[in-house]
1. Using 5 Å bins from zero, what percent of all Cα-Cα pairs in the chain falls into each bin?
2. To the nearest 500 deg cm²/dmol, what mean residue ellipticity at 222 nm is calculated for the chain from DSSP H runs of n ≥ 4 alone, each contributing -39,500 (n - 2.57), summed and divided by the residues?
3. Relative contact order for the stretch 44-150: what is it in percent, counting Cα pairs under 8 Å that are at least 6 residues apart?
4. Quick check: Cα centre of the stretch 2-41 to Cα centre of the stretch 86-151, how many Å?
5. I'd like the accessible area for S32, computed on protein heavy atoms only with a 1.4 Å probe and all protein chains in place. Round to 10 Å², please.
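The values are calculated or read from the model by the stated rules, or taken from the named source; none is laboratory data. Model, not experiment: these values are computed from the prediction. Remember, those area values only see protein heavy atoms, side chains included, never the ligands or the DNA or RNA. Shrake-Rupley method; radii C 1.70, N 1.55, O 1.52, S 1.80 Å.
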Amino acid sequence: MDIRLDDLSGPEIRALLEEHLRHMHELSPPESVHALDLSKLRRPEISFWTCWQGSELLGCGALMQGPAGDGEIKSMRTGQAHRGKGAGRLMLNHILAEARRRGLSRLNLETGSQPAFEPARRLYASAGFQVCGPFGDYEEDPYSVFMTLAL
C-alpha cells in the first residue's frame, strides 16, 4: 500500500467521495453531516491523500491546517470493499506524521456517534485521540463525537 498526494481529479476518488457523502447522509440528518465535497476539499489549507494498492484505490484522508497552529482530520474513508486491510491506520499514521512535520500543536477531528462509526472511533483512540468538546465552528450535536490529540 502506498499513500499519494491527490489532486481530486480522478474518477476513482470522485466515486469514493460520493460513496462517503451518500453514506454520511444515510446515517445523519443534513445539519449533522460535516463531510466536505470536492470543491471544499480543494481549498488551499487542505492537503488530500489517497491510499492505493497497485491501481486500486483503498481509501483517503485529508489534513486541514488551522490558523492557530492546529489541524483537523477530514474525509477519512476506506472503501467498503477494503475495510480491515489496514488502509485507515496507514492513512491516519501518514496524517499524524505530516501534522508533526508541519509543527502543528494539536490535531482535532469530528466523527459520528452512531454504531457504524465505532471502528473509526476505536482507530482514533488507539492513536491517542481523546474525546473532547466541540472545536472551531462546531456545536454540540448528538450525531457527533469530537476528538483531539496534542502533538
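1. 2, 9, 20, 23, 24, 15, 6, 1, 0
2. Value at 222 nm, helices only, nearest 500: -9000 deg cm²/dmol.
3. Numbers: 160 pairs, mean separation 22.8, N = 107.
Rounded, it is 21 percent for the stretch 44-150.
4. If you average the Cα positions of each part, the centres end up 17 Å apart.
5. 10 Å²
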